[in-house]
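Down below is the structure, laid out as structure tokens.
What follows draws every value from the coordinates through simple rules; no lab data is involved. Since the structure is predicted, the reported quantities are computational estimates derived from the model, not experimental observations. Cβ sites come from the backbone with ideal geometry, for glycine too, and all protein chains shown count toward neighbours.
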Amino acid sequence: MELYRLTAHEARDLLRKGEITAVELTEAVLRRIEAVEPQVRAYITVSPDTALAQAAAADQRLSAARRSGEVDTLPPLLGIPIAVKDVISTRGLRTTCGSRMLERYIPPYDATVVRRLRAQGAVIVGKTNTDEFAMGWSTENSAFGPSRNPWDITRVPGGSSGGSAAALAADEALIALGSDTGGSVRQPAAFCNLVGLRPTYGRVSRYGLVAFASSLDQIGPMAKDVLDCALLYEVIAGHDPHDSTSIAQPVEPVLPALNGDIRGVRIGVPREYFGEGIHAGVAEVVRRAIAQLESLGAHVEEITLPLTRHSIPVYYLIATAEASANLARYDGVRYGHSATATTIWEHFTRTRGEGFGPEVKRRIILGTYALSAGYYEAYYLRAQKVRTLIRREFEQAFERVDIIAGPVAPVLPWPIGWVMENPVQAYLTDLLTVSQAIAGIPALSVPAGFHEGLPVGLQLVGRPLDEVTLFRVAYALEQVTEWHRQRPTQ
């Protein structure tokens, strides 16, 4: 087997035995990037020299541990090549957010998640493509061009973490980090036959994540299988004093729960998740996956979440309002793109006009309107009130069931170009992922099968801070299926 096709836990075991080196593994991944990147375009920045230096340092730690007989005490991600979404700050490594506004920005500090990865000895091979400032569904809003889905390069890999998803599906990394504001980890994971988790809000530090919508943004792990996703989650989760929204509670270990036993787990299936607009092929694949969970001993029952239909307007009011406030800092004075002009006002308007792309401008305008005098109470404040109702609806559902299951996305990966002609229709594709973000609860995408050769993801939604149950159920499904083992032919 080619080394780049390994999962992180397979590579970890080989590294500890001394059967491969971290440098060999990293070189294999870098050669893979060179071979397929012209077609996939998953990365904005690749850092081969830095990655190889990190790999060499990992090999030194591995050799020392083998000599002393302490291999089992080594960090699980030591020497493992990882891709990082380009909205997460990396000291000394360009962080563009997929925007001309930050095209030459090199951060002076690491995000907390990156600092934890470096402490593990993980090898950061590069920064992956993203919709500009994470605003999008397909990676087509990137200022550096779209990424392509390795399962069909005429189609999108999803977004906004589409670059991380494409990199994993094309074996250009072993694991990856994304961010999820309204589905941006889960949807690309589903489109590319991967596992992706949106953690409970506050479970993973946002320090160093360039803000889109601060009350919704979360960094999440993406991987080729459930065990890898759990390993990465355990590394990045936990309290961080640098983030005022970080939850100061211990992280429950996930790996001991991955035993394949889900007997007695109560699974709720909302009828709204299979209503109008859901592709028939997607619904069929997901229902089949849920039936497999039932065959493993889970109890499945239909439930209702009627406020689901209100989640799109609520999300796009709150998210755009927060984006309007967060992106006000990009004025061409302190950092970022700075236009040539003769007056202060001209400088400000030209900087933002040149630096931001169409979708970012659209969301700033929507958010500014929602926050403006005379409209704040009618739109933004009302959206926040409905947000509370949506969270309460989930709380009531979790009195009856342990997890909620349904599709990740209502449609299959669409052809490149479609979304640019149908922005309103694209907003509606977020229907099944934004309500969990609004409520701040965890949700995980796991491969469920294929329809017409394209991947379909099953979404598992849990109680706040109960990521363990999501991983437990996803692992049980993975053990009786082979979907996660399939790879694109490219």
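Can you give the Rg and Dmax of segment 312-444 based on its C-alpha atoms, in angstrom?
18.5, 64
Using the Kirkwood radius over C-alpha pairs as Rh, can you work out the diffusion coefficient of segment 268-356 via Stokes-Einstein at 4 °C, viscosity 1.567 mPa s, in µm² per second?
The estimated diffusion coefficient comes to 74 µm²/s.
Let's test this: bin the Cα-Cα distances of segment 38-131 at 5 Å from zero up to the farthest pair and state each bin's percent.
Taking every Cα pair in segment 38-131, the percentages come to 3, 14, 21, 22, 16, 10, 7, 4, 2, 1.
When the convex hull of the C-alpha atoms of segment 127-205 is computed, what volume per residue in Å³ does it have?
85
Helix-only estimate, please: 222 nm mean residue ellipticity of the chain, summing -39500 (n - 2.57) across DSSP H runs of length 4 or more and dividing by its residues, to the nearest 500.
It lands at -12000 deg cm²/dmol.
Counting other Cβ atoms within 10 Å, which GluC sites (Glu not before Pro) in segment 44-151 have at most 11 and lie in a DSSP loop?
Within segment 44-151, the qualifying GluC sites (Glu not before Pro) (loop, at most 11 other Cβ atoms within 10 Å) are Glu70.
Filter the GluC sites (Glu not before Pro) in segment 244-288 to those in DSSP coil with at most 10 other Cβ atoms within 10 Å of their Cβ, and list the result. Mind showing how you got there, number by number?
Values: sites: Glu272, Glu276, Glu284; in loops: Glu276.
Here the sparse-neighbourhood loop sites are Glu276.
Treating each Cα of segment 351-401 as an identical point scatterer and ignoring solvent, apply the Debye formula and state log10 I(q)/I(0) at q = 0.20, 0.24, 0.25, 0.29 Å⁻¹.
-0.76, -0.85, -0.88, -0.98
Compute and list, largest first, the equivalent-ellipsoid semi-axes of segment 186-336 from the alpha carbon gyration tensor, each √(5λ) rounded to a whole angstrom.
Sorted largest first and rounded, they come to 32, 23, 15 Å.
Compute the separation of the alpha-carbon centres of segment 72-120 and segment 240-268 and state it in Å as a whole number.
A separation of 24 Å, based on Cα centres.
Which of the trypsin sites (Lys or Arg not before Pro) across segment 226-282 are loop residues per DSSP, with 11 or fewer other Cβ within 10 Å?
Those that pass, being in a loop and sparsely packed, are Arg263.
In vacuum, with every alpha carbon of the chain counted as one equal point scatterer, what does the Debye formula give for log10 I(q)/I(0) at q = 0.07, 0.08, 0.11 Å⁻¹? Two decimals, please.
Log10 of I(q)/I(0), two decimals: -0.33, -0.44, -0.85.
Arranged from highest to lowest average of other beta-carbon atoms within 10 Å per residue, in what order do the peptides 107-117, 343-353, 1-11 appear?
Output ranking for 107-117, 343-353, 1-11: 107-117, 1-11, 343-353.
Output the direction-averaged projected area (hull surface divided by four) of the convex hull of the alpha-carbon atoms of segment 122-253, in nm².
7.5
Rounded to whole Å, give me the distance from the Cα center of segment 137-164 to that of segment 336-387.
That distance is 25 Å.
Given 10 Å bins starting at zero, what is the percent of C-alpha pairs of segment 375-458 in each, up to the one with the largest pair distance?
Binned Cα distances yield the sequence 14, 35, 33, 16, 2.
Can you give the charge dipole size of the chain about its Cα centre, rounded to the nearest 20 debye, using +1 on the beta carbon of Lys and Arg and -1 on the beta carbon of Asp and Glu?
Details: 49 positive and 53 negative charges, 158 e Å.
It works out to roughly 760 debye.
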